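Each remark here refers to the structure printed beneath this line.
The values are calculated or read from the model by the stated rules, or taken from the named source; none is laboratory data. Note that the coordinates shown come from a computational prediction; the quantities given were computed from them, not determined experimentally. For neighbour counting, all protein chains shown are included, and Cβ atoms are generated from backbone atoms with ideal geometry for every residue, glycine included.
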Amino acid sequence: MSKIGIFYSFHTNKTSKVAEKIIQALDNENLEVVNAEEVTEENFLQFDKYIIGVATWWDGELPNYWDELVPAIEDMDLSGKTFAIFGLGDQKFYPENFNDGVGIFAELVESRGAKVVGHTSREGYNYEKSRAERGDNEWSGLCLDQENQARLSKGRIDKWVETLKKSGF
């Protein structure tokens, strides 16, 4: 059995609530919940599959709780590891970098040899630009906007989790 970790900051209100919904919907006894603010390089590398929760801060940045681990990831070999990334953004007030955090993290782990799964449709969003864009009409993960489209989140989460289950999560 693959060891699966879900990483997010326990101190983020909206990302934590989304993570809890994902955990409940996934219902996998092999899933270990890890606080992104306390993860070490050794702890991070013990998993085969990862679900990463990232918000997008300010003008398209990863939250500062990733500051310690990102430089270490830049030196890791993540070949054979699979990542699914979800994030929150605000397409109304930050349309020029909506959910960049998802794209930044996907780019990071792919550059280290990892496979990213759980791409979702960009249909139904209204924004200008995003590093999370993938191909013609996909996101590189699950992109949510709890500020402007909260009513759509449950359906998007449920559909994404079903995709993850098909990918062995």
> Within the stretch 78-90, can one find any residue that is closer than 26 Å to Asn148 by Cα, in a helix (DSSP H, G or I), among the acidic types (Asp, Glu) and in contact with an Asp or Glu (Cβ under 7 Å, 6 or more places away or on another chain)?
Replying inline: no
> What residue, of Glu20, Glu42, is among the charged types (D, E, K, R), part of a helix (DSSP H, G or I) and at pLDDT below 95?
Replying inline: Glu42
> Do the conditions hold for Ile73, that is, is it touching a Lys or Arg at 6+ places or on another chain (Cβ under 8 Å), of a type in the set (A, V, I, L, M, F, W, C), surrounded by fewer than 24 Cβ atoms within 10 Å (Cβ to Cβ) and closer than 24 Å to Lys129 by Cα?
Replying inline: no
> If you go through the stretch 126-147 one residue at a time, do you hit one that is in contact (Cβ under 8 Å) with a residue 12 or more places away in the chain, surrounded by 19 or more Cβ atoms within 10 Å (Cβ to Cβ), under 20 Å from Glu20 (Cα atoms) and of a type in the set (Gly, Ala, Ser)?
Replying inline: yes
> From Phe98, Phe83, which residue is among the hydrophobic types (A, V, I, L, M, F, W, C), under 19 Å from Gly5 (Cα atoms) and modelled with pLDDT of 95 or more?
Replying inline: Phe83
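For every residue, the table says whether it meets (1) in contact (Cβ under 8 Å) with a residue 60 or more places away in the chain; (2) in contact with a Leu (Cβ under 6 Å, 6 or more places away or on another chain); (3) surrounded by fewer than 18 Cβ atoms within 10 Å (Cβ to Cβ).
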| residue | (1), (2), (3) |
| --- | --- |
| Ser2 | yes, no, yes |
| Phe10 | no, no, yes |
| Ser16 | no, no, yes |
| Glu20 | no, no, yes |
| Glu42 | no, no, yes |
| Asn64 | no, no, yes |
| Gly80 | no, no, yes |
| Ile85 | no, no, no |
